[in-house]
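Undergrad: Got a structure here, written out as structure tokens. Questions coming.
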Amino acid sequence: MIEAGVRGILLDIEGTTTPIAFVHDVLFSYARAHAGEFLKKNITSDEVRADVAMLYEDHARDVVNDHKPPALTEELGSLADYIEWLIDQDRKSTGLKSLQGKIWRQGYQDGSLKSQVFPDVAPAFERWRAAGLNISIFSSGSVLAQQLLFAHTDAGDLTQFIDRYFDTNTGKKGEAESYQRIAEEMGLEPSEIVFISDVVDELDAAEEAGMKTLLSLRDGNPIPPATHHQAINSFDEENL
């Protein structure tokens, strides 16, 4: 990639660095199980109240759009029910993702959570860092959630290798403008960045912004639609 003029690697998380099953079966389940308790303990926190305000806005839009969300009142129990509903919908809500990160922080701190990455991730990070490449992350999960995941992996703390984290505050993952902003933040031309993801729509948007792309075909990933994006099964492949 160095010979091809690549100076940066931009990575998705779910299905790219981390098994989808871990995100859905472990992280989402933990957030669902602990949302009510977390809200009771932390609802007076300004940062939590900011997340909750975004969730009330999301709920209002869901009602207007006839998505049939559960009723939301001033009772924390109803808010926990709505959070569980959003998780079940796999909603890419900025308020939800921000709140989930705070719930997961509790789990990482008390040792009940340990994140998973594929075996080739840590060696690739070391190899890319030694080659002088910028390593950045773009996920629908909050920046806090991303930092926590890579700080508490079964391969150790990998945050030392990561330069930047981007979430939906930057923009939607299916829009080219998001990738243009990321390139600016990374201080690189889009053509100097390779974006790796398991989602074709995201790769299409990154390519439209001028980035190079690779489709992640990990074990456990759903079969993607037909696409022209070059596919890889791991970060150990020769061109990486």
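What follows draws every value from the coordinates through simple rules; no lab data is involved. Not measured: the values here are computed from a predicted model. Every residue, glycine among them, receives a Cβ derived from its backbone with ideal geometry; neighbour counts consider all protein chains shown.
Undergrad: Quick one: of LYS40/LYS172; LYS40/LYS102; LYS40/LYS92; LYS114/LYS173, which pairs are farther than 20 Å apart, Cα to Cα?
TA: LYS40/LYS172; LYS40/LYS92; LYS114/LYS173
Undergrad: Placing +1 at every Lys and Arg Cβ and -1 at every Asp and Glu Cβ, with all other atoms neutral, what dipole size does segment 60-196 have around its Cα centre, in debye to the nearest 20?
TA: The dipole magnitude comes to about 120 debye.
Undergrad: Right, here's the next one. Provide the descending list of Cα extents for segment 23-110 along its principal axes, expressed in whole angstroms.
TA: Here the spans come out as 39, 29, 20 Å, largest first.
Undergrad: Could I ask something else about it? About the Cα centre, and with charges only on the beta carbon of Lys, Arg (+1) and Asp, Glu (-1), how big is the dipole of segment 23-110? Nearest 20 debye, please.
TA: 200
Undergrad: In whole Å, largest first, what are the principal axis extents of the Cα atoms in segment 69-147?
TA: That gives 53, 26, 17 Å along the principal axes, largest extent first.
Undergrad: Next question, about the same structure. Please give the net charge around GLN146, taking every other residue with its beta carbon less than 15 angstrom from that of GLN146, where Lys and Arg add +1 and Asp and Glu add -1.
TA: 0
Undergrad: Would you report the distance distribution of C-alpha pairs in the chain as whole percents per 5 angstrom bin, up to the bin with the largest distance?
TA: For the chain, the binned pair fractions read 1, 6, 14, 18, 18, 16, 12, 8, 5, 2, 0, 0 percent.
Undergrad: Would you mind computing, in nm to one decimal, how far apart the modelled labels at SER112 and ASN169 are, each placed 7 Å from Cα along Cα→Cβ?
TA: Computed distance between label sites SER112 and ASN169 equals 2.6 nm.
Undergrad: Continuing with the same structure: For segment 78-144 and segment 210-232, what is the separation of their Cα centres, given in Å?
TA: 21
Undergrad: Rank these for me by crowding, LYS102, LYS97, going from fewest to most other beta carbons within 10 Å.
TA: Numbers: LYS102 19, LYS97 25.
Starting with the residue having the fewest Cβ neighbours, the order is LYS102, LYS97.
Undergrad: Within straight cross-link reach of LYS68, meaning Cα distance under 16 Å, which aspartates and glutamates are found once same-chain residues fewer than 8 apart are removed?
TA: Output for LYS68: GLU57, ASP58, ASP81, GLU84, ASP88, ASP90.
Undergrad: Here's a follow-up. Assigning unit charges at the beta carbon (Lys, Arg +1; Asp, Glu -1) and nothing else, what dipole magnitude in debye, to the nearest 20, does the chain show about its Cα centre?
TA: The calculation lands at about 520 debye.
Undergrad: In a Gaussian network model over the chain where Cα atoms closer than 10 Å are linked, find which of THR44, THR16, THR168 has the largest mean-square fluctuation.
TA: Among THR44, THR16, THR168, the largest GNM mean-square fluctuation belongs to THR44.
Undergrad: Of all DSSP beta bridges in the chain, what percent run antiparallel (nearest 5)?
TA: 5
Undergrad: Here is a further query. Loop only by DSSP, 15 or fewer other Cβ within 10 Å of the Cβ. Give me the trypsin sites (Lys or Arg not before Pro) in segment 143-240 that pass, ordered by residue number.
TA: Those that pass, being in a loop and sparsely packed, are LYS172.
Undergrad: Of HIS24, GLY107, MET54, which is farthest along the charge dipole of segment 23-110 in the positive direction, counting Lys and Arg as +1 and Asp and Glu as -1 at C-beta?
TA: The listed residue farthest towards the positive side: GLY107.
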